[in-house]
Amino acid sequence: MCPTCAPISELMELPPPGPSLRLRTAVELTAAIKDQVEDTSFPGLDINGLPLMRNFITSLDNKFRDLHPERTELDWKNGTRRPVKSPAARRSAQGQLCGVEAPANQECTSCAEGKNNTFDHCRIVFTKEQAQWAWACANCVFVGAGHKCSFRPDRFLHVPSWVVTAVAERQPSSLMLSAHYPTMHSSANRMSLMRRNPILNVAPAGSNDADKENPPPPKRRKFQIGPANPGEGTVKDAPLKLKKGGLPSNPTWYKSPLEDPKVYGMEDKAYALDTYRDLADIIARATEDHARMKETMLEKGFLSEPDDQKPEEENVFAVE
Ligand SMILES: [Zn+2]
Ligand SMILES: [Zn+2]
């Protein structure tokens, strides 16, 4: 049989379902609760190994209960289900179903070791665009070890960039992001403003936060410094000015994808989505580069003090 005659399902392997993309409707929630049959041998679970929705009763529970799962199965390690008794266990089990999964080899330390994990995958959870458990993964939280998860920026220095990027994308106003990744926080807020404000070239009501985090205007102009050879390229290679405003971009190091007709035309959804995700990767890499440069420049004495941290934050990270 020629390939074109084969059914589509045989030619295409569908990707595994990802994290929750939306909240459930009231009808969906009622149906989900009604359809669940309790597994009497596993407290807190239904016969499909999913947490029993009827046990979600507090307002915090409901934030998890209301997530619409794209995944239909929980990834119990070796297929072994565990009782879901405590509030943290039921929330992390539901969170695991709905969370953002670590890319290959970028799990938290505990999941990578694979000793204490209940689930096969390492996932962080967002409810209504709020990172839960101070960025700890659901696997660690399930066993009461969320405070030891290596994704927590308040306890560990090197949180993987995918975690930081995921938070910056979904919760750009995160206080933990601003405390531990101030540059990323500023970038995320600028991106967020661009996304939220596509039509009017006015600052939205929520822009105060971003203003607080962004460098003041005189500092910002540093971005306009031209290439190493003055007078060369600054005019000729100057990036297009976005008609809806936005920060100037430095043509020496950066060409904005928003100048690409395939992007600004917004006719190719897949291309736009890929570019959107690429931008998050670029932010992560730029943030990392900035942090590395800062560290070295502080060591060399090129900078006298961190230029984007408040004094009290310096104390947190100070090394004797
Ligand atoms: Zn993990
Ligand atoms: Zn973890």
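The values are calculated or read from the model by the stated rules, or taken from the named source; none is laboratory data. Everything numeric in this text was worked out from a predicted model, so none of it was measured. Because the Cβ atoms are built from the backbone with ideal geometry, glycine has one as well, and the counts that use them run over all protein chains shown.
For (1) within 12 Å of ligand 1 (Cβ to nearest atom); (2) surrounded by fewer than 19 Cβ atoms within 10 Å (Cβ to Cβ), each residue gets a yes or a no:
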site: Trp133; (1), (2): yes, no
site: Cys140; (1), (2): yes, no
site: Ala145; (1), (2): yes, yes
site: Ser173; (1), (2): no, yes
site: Met176; (1), (2): no, yes
site: Pro182; (1), (2): no, no
site: Ser186; (1), (2): no, no
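Just one of the listed residues (Ser41, Ser110, Ser59, Ser92) is under 25 Å from His147 (Cα atoms) and surrounded by fewer than 20 Cβ atoms within 10 Å (Cβ to Cβ), namely Ser59.
Does Cys98 satisfy being hydrophobic (A, V, I, L, M, F, W, C) and within 13 Å of ligand 2 (Cβ to nearest atom)? For Cys98, the condition - hydrophobic (A, V, I, L, M, F, W, C) and within 13 Å of ligand 2 (Cβ to nearest atom) - is not met.
If you scan the range 118-145, which residues turn out to be under 16 Å from Gly49 (Cβ atoms) and either assigned to a loop (DSSP other than H, G, I, E, B) or not assigned by TED's automatic domain parsing to the domain that holds Glu70 (or both)? Of everything in the range 118-145, those that are under 16 Å from Gly49 (Cβ atoms) and either assigned to a loop (DSSP other than H, G, I, E, B) or not assigned by TED's automatic domain parsing to the domain that holds Glu70 (or both) turn out to be Thr118, Asp120, His121.
Scanning the range 101-133 for residues that are of a type in the set (Gly, Ala, Ser) and within 11 Å of ligand 2 (Cβ to nearest atom) gives Ala102, Ser110, Ala112. Taken together, the residues in the range 146-158 that are assigned to a loop (DSSP other than H, G, I, E, B) and within 12 Å of ligand 2 (Cβ to nearest atom) amount to 6. When Thr109, Thr165 are screened for being away from ligand 1 (no atom under 15 Å from the Cβ) and at pLDDT 95 or above, only Thr165 passes.
With the requirement that a residue be assigned to a loop (DSSP other than H, G, I, E, B) and β-branched (Val, Ile, Thr), what does the range 17-66 give you? Scanning the range 17-66 gives Thr25, Val37, Thr40, Ile47, Ile57, Thr58.
When the range 172-181 is examined, which residues are found to be more than 16 Å from ligand 2 (Cβ to nearest atom) and either hydroxyl-bearing (Ser, Thr, Tyr) or in contact with a helix residue (DSSP H, G or I) (Cβ under 7 Å, 6 or more places away or on another chain) (or both)? Result: Pro172, Ser173, Ser174, Leu177, Ser178, Ala179, Tyr181.
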